[in-house]
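The values are calculated or read from the model by the stated rules, or taken from the named source; none is laboratory data. All of these numbers come straight from a predicted model, not from anything done at the bench. Heads up, the Cβs are rebuilt from the backbone with ideal geometry, glycines too, and the neighbour counts pull from every protein chain shown. For accessibility, only protein heavy atoms count, side chains too; no ligands or nucleic acids. Shrake-Rupley method; radii C 1.70, N 1.55, O 1.52, S 1.80 Å.
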Amino acid sequence: MTNTLKTPAKQTASADRFDLVLSGGICVLPSPHDPDLFERAEVEIAVRDGRIVAIGTGFVAKADQVFDAKGLHVLPGLIDTQVHFREPGLEHKEDLETGTRGAILGGITGVFEMPNTKPPTTTAEALADKLQRASTKSWSEYAFYVGATPDNATTLTELERQPGCCGVKIFMGSSTGTLLVSEDEHIHRVLQNGRRRVAVHAEDEERLRERRELLGTQPSVSQHPLWRDDETAIRATRRLLALAHKVRRPIHVLHVTTAEEMDLFRKNKDIDVTVEVLPQHLTLSAPDCYERLGTYAQMNPPIRDARHREALWRAVQDGTVTLLGSDHAPHTREEKQKPYPESPSGMTGVQTMVPVMLDHVAQGRLSLERMVELLARNPARAFRIQRKGEIRVGNDADFTVVDLRARRTITDSWIASRCGWTPFDGMTVTGWPCATIIRGQLVMQDDQTLGTPQGQPFAFEL
Ligand code: DOR
């Protein structure tokens, strides 16, 4: 361990002391000249009562604790806006404690959790139950989506305004769980109820049903992107954009996988659409992933061929993509080893997103600043999260501290998720999250959690 938290010997209690000062690191800060840009600066960050109170130099003498970030980069706390933590009902795969532990070990300071639990999060009672559970178990900050159904549309205006709710989620095509709103009429009604950004899993249910028979009598997982083909995703996204146009409702298209959907977003700049891609779709490709990983590579929407993967990278680089999520979707090894297509779709990701993306930074595929935009600033802006997303005086003191030079191998044994595996097992990366700080508390350092779960719900501007 090279960087430590130091408690200076002499302490004088005084109102101008700081609880914590981060010093010696290169910080990624908003540019004072242009709020859309970043700059890197070797400055100290002073923290009091969980908030950033000063950015500058000369604070160390007044610090009760000093985090020595020499040789490291200090980023705003990175946020994962798509995880499935399975509690309640499916705790044999994951729960809120194990899921959020994986988050902080991977340098993630907060998560948005998905509604396809058991029961699904479709009522005020189910949302309150999740918030109650998270209040004692969550290592990271959190918020929960409520799931839309064909029947609960008129309750959504009220539900999406509940504290701790990050918005409404629509599954247009069926995936894990029972949530489904596949008909235009019903999607339209959901979009008409409420004002906040609606997150959508865009796969066309009718086409999924039609194409299921293509799997034949001896299905193989390498047919997954043939069954759930690119047209299945494109068709759903086209329908969704047409509805969003009509209703003028902000939408968030989750885990986009095709070149053609990216072109649709480029042509629809007059509506408020935010776009998510996943590290899995940027890193793996068919057919190789299915040959190497079998059903462990199975997810919805599927990992596709290199043409689509390269198009996703172009969209990351030209600004079409708004943010990155992990779609952390754990299933046990026993479940994943069932013969395809009985094997469930989904893979872990919350703990590996930061190292995998730092490796892409090291390979020159995106800049560190663009990564910070995709994982901190844009999630906070798109979902109107209060006091997060940037290292700025007044914001919460959430930081992801990374070592850009560390070379490490991702292994199953590092994974905190109850299911205990990652599709990136064996991948050597350059770049590693070495500390996670939330509201001024050091909660992870050098692969160890510190303290007890103290995560709080995100607050939103409504
Ligand atoms: O692969 C997936 N797994 N895609 C989804 O949409 C759901 C997720 C899960 O919950 O398992």
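Summary of computed values
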quantity: One residue from D288, D230, D263, D272 being in contact with a Pro (Cβ under 6 Å, 6 or more places away or on another chain) and open to solvent by 30 Å² or more (accessible area, probe 1.4 Å); calculated: D272
quantity: In the stretch 26-78, residue surrounded by the fewest Cβ atoms within 10 Å (Cβ to Cβ) [restricted to those that are in contact with a Phe, Trp or Tyr (Cβ under 8 Å, 6 or more places away or on another chain) and under 17 Å from T436 (Cβ atoms)]; calculated: V28
quantity: In the stretch 213-272, residue nearest to the chain's Cα centre (by Cα) [restricted to those that are in a loop (DSSP other than H, G, I, E, B) and acidic (D, E)]; calculated: D272
quantity: Qualifying residue in the stretch 370-383 (condition: surrounded by fewer than 24 Cβ atoms within 10 Å (Cβ to Cβ) and over 30 Å from R48 (Cβ atoms)); calculated: yes
quantity: Residue that is surrounded by the fewest Cβ atoms within 10 Å (Cβ to Cβ) [pool: residues in the stretch 430-459 that are small (G, A, S) and on the phi < 0 side of the Ramachandran plot]; calculated: A459
quantity: Residue within the stretch 169-183 that is touching a residue at least 24 places away in the same chain (Cβ under 8 Å), open to solvent by 10 Å² or more (accessible area, probe 1.4 Å) and acidic (D, E) present; calculated: yes
quantity: Test for E335: is it free of Cβ contacts under 8 Å to residues at least 12 places away in the same chain, within 15 Å of the ligand (Cβ to nearest atom), among the acidic types (D, E) and open to solvent by 10 Å² or more (accessible area, probe 1.4 Å); calculated: no
quantity: Counted residues, the stretch 399-429 - those being open to solvent by less than 10 Å² (accessible area, probe 1.4 Å) and acidic (D, E); calculated: 0
quantity: Breaking point among (1) within 16 Å of the ligand (Cβ to nearest atom); (2) without any contact (Cβ under 8 Å) to a residue 24 or more places away in the chain; (3) within 17 Å of the chain's Cα centre (by Cα), for T348; calculated: (2)
